[in-house]
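The structure under discussion appears below in the form of C-alpha cells.
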Amino acid sequence: MKKLMVANWKMNKNVKECSDFFEAFNAKYTQQRDAWIAPQSIHLNLVKSLGEKKGILAGAQTASEHISGAYTGEISPRSLKELGAHFVILGHSERRQYFKETSKLLNAKIRTAIQEGLTVIYCVGETLSERESGKTLSIIEDQLHQGLNDLSKLNVQNFVVAYEPVWAIGTGKTATPKEAQEVHAFIRKVLSGKFPAFGNQTRILYGGSVKPDNVEELLAQKDIDGALVGGASLKAQDFLALCKDK
Ligand code: PGA
C-alpha cells in the first residue's frame, strides 16, 4: 500500500493561501504517496475542488458527535460529507487538551462519523510527563480501548490511527524512529486483538514535527505507514517533498 501523508492545516490559511498552495502543489505532485489535506472546515469545498484532479482528498479536523440539533457552533459530520470531506481527524491532542475531548466522547464522535460515511483518523499519544513516568503504553492502550469501544462498523478502508506524542507536536522534537516504532508495533498489536479481521492492516501514521529531513527514517520503520503533518504541511514545497518516494 502507498504511504499516506495527511496535512493538518489547523487554524491556518485563508482562501487565497489555499489556492496558492494548490497551484504550487499540483504542478509537481506525482501521486507516489497518497496526499490528504485537512483545512479549516469552512474551506473544505474549496480544497476538495482544488485537489480533485490530482486525487487529493479533503477532510475535517473535528466533527460533532451529533448529526443535527441545538448544538450552537458545532459542525455535523453529515454537513462535512456534503461539503466534500472524505475523512475527519478525531482526538487530536489539541482537541483533547484545549477542548476537553475525552476518549469516551471521541468514541461517540467516531461512531457518528463512520455512520455518515467518513473515514476516521483517530489520534492517540502521551504527554511528556506520562512518557517520563513510564506510562506511554498504558495511556495509548487506554485511549484505544475507550475510543474504539464497541465499534462494529470500522474496517480497513474507513479507519486510520495516528500516533502523535504530545511532546513532539509543534516543538521541533521528534520521537526517534525506534521510539516511534515501539509504540506503532504496540498499537498494531492492540488493534489486531480488538479487530481480528483487519486490525493488522490498519494504516498507522506517525505525527509530531515530521519534516522532509526526518520523514524517511520514520517511514523506514516496519509499522509506520505514513505521517500526520502540521507545520511542514503548510508550505507546498515541504509537503511535496514529504509526498515523494525517495
Ligand atoms: P507538527 O503537528 O507537525 O507541527 O508537529 C503535527 C500535528 O499536530 O498533527
Cα point-scatterer Debye curve for region 89-128, base-10 log of I(q)/I(0) at q = 0.26, 0.27 Å⁻¹: -0.86, -0.91
Hey, what do the phi angles of region 192-204 turn into as Karplus ³J(HN,Hα) couplings, whole Hz, using 6.51/-1.76/1.60 and θ = phi - 60°, x for Gly and Pro? 5, x, 6, 10, x, 5, 9, x, 5, 9, 4, 6, 10
Report the local net charge at A35: Lys and Arg +1, Asp and Glu -1, summed over other residues whose C-beta lies under 11 Å from its C-beta. +4
Full-stretch length increase - K104, Q31 - with 0.36 nm per residue and alpha-carbon distance subtracted: 22.7 nm
Please sort 85-97, 227-239 by packing, taking for each peptide the average over its residues of neighbouring beta carbons within 10 angstrom, highest first. 85-97, 227-239
Summed over the other residues with a beta carbon less than 15 angstrom from that of G226, with K and R at +1 and D and E at -1, the charge totals +2
Alpha-carbon spread of the chain, three principal axes, descending order, Å: 47, 45, 34
Projected area averaged over all directions for the convex hull of the alpha carbon atoms of region 34-132, nm², comes out at 7.1 nm²
Using heavy-atom solvent-accessible surface (probe 1.4 Å) with all chains present, what is the largest-first order of H66, H43? H66, H43
Average accessible area per residue (Å²) across region 1-112 - probe 1.4 Å, nucleic acids and ligands excluded: 50 Å²
Calculate for the chain the 222 nm mean residue ellipticity that helices alone would give, adding -39,500 (n - 2.57) per DSSP H run of length 4 or more and normalising by residue count, nearest 500 deg cm²/dmol. -11000 deg cm²/dmol
At 1.4 Å probe size, what's the solvent-accessible area of I67? Round to the nearest 10 Å². 50 Å²
Per q in 0.12, 0.19 1/Å, what log10 I(q)/I(0) does a Debye calculation on the alpha-carbon atoms of region 120-232 return? -0.38, -0.95
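What number, in percent, do you get for the relative contact order of region 158-241 if the mean sequence gap of Cα pairs under 8 Å and at least 6 apart is divided by its residue count? Intermediate values should be presented prior to the final figure.
Numbers: 127 pairs, mean separation 28.9, N = 84.
Relative contact order here is 34 percent.
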Over 5 Å intervals from 0, what percent of Cα-Cα pairs in region 42-90 sits in each interval? 5, 24, 29, 21, 12, 6, 3, 1
List every residue whose amide H lies under 5 Å from the amide H of Q221, counting only residues 5 or more places away in sequence or on a different chain, with H placed 1.01 Å from N in the peptide plane. none
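The values are calculated or read from the model by the stated rules, or taken from the named source; none is laboratory data. Predicted model, so just to flag it, every value in this text is computed and none were measured. Reconstructed Cβ throughout: ideal geometry from the backbone, glycine too, with neighbour counts over all protein chains shown. Note: accessible area is taken over every heavy atom of the protein model, side chains too, but ligands, DNA and RNA are not part of it. Shrake-Rupley method; radii C 1.70, N 1.55, O 1.52, S 1.80 Å.
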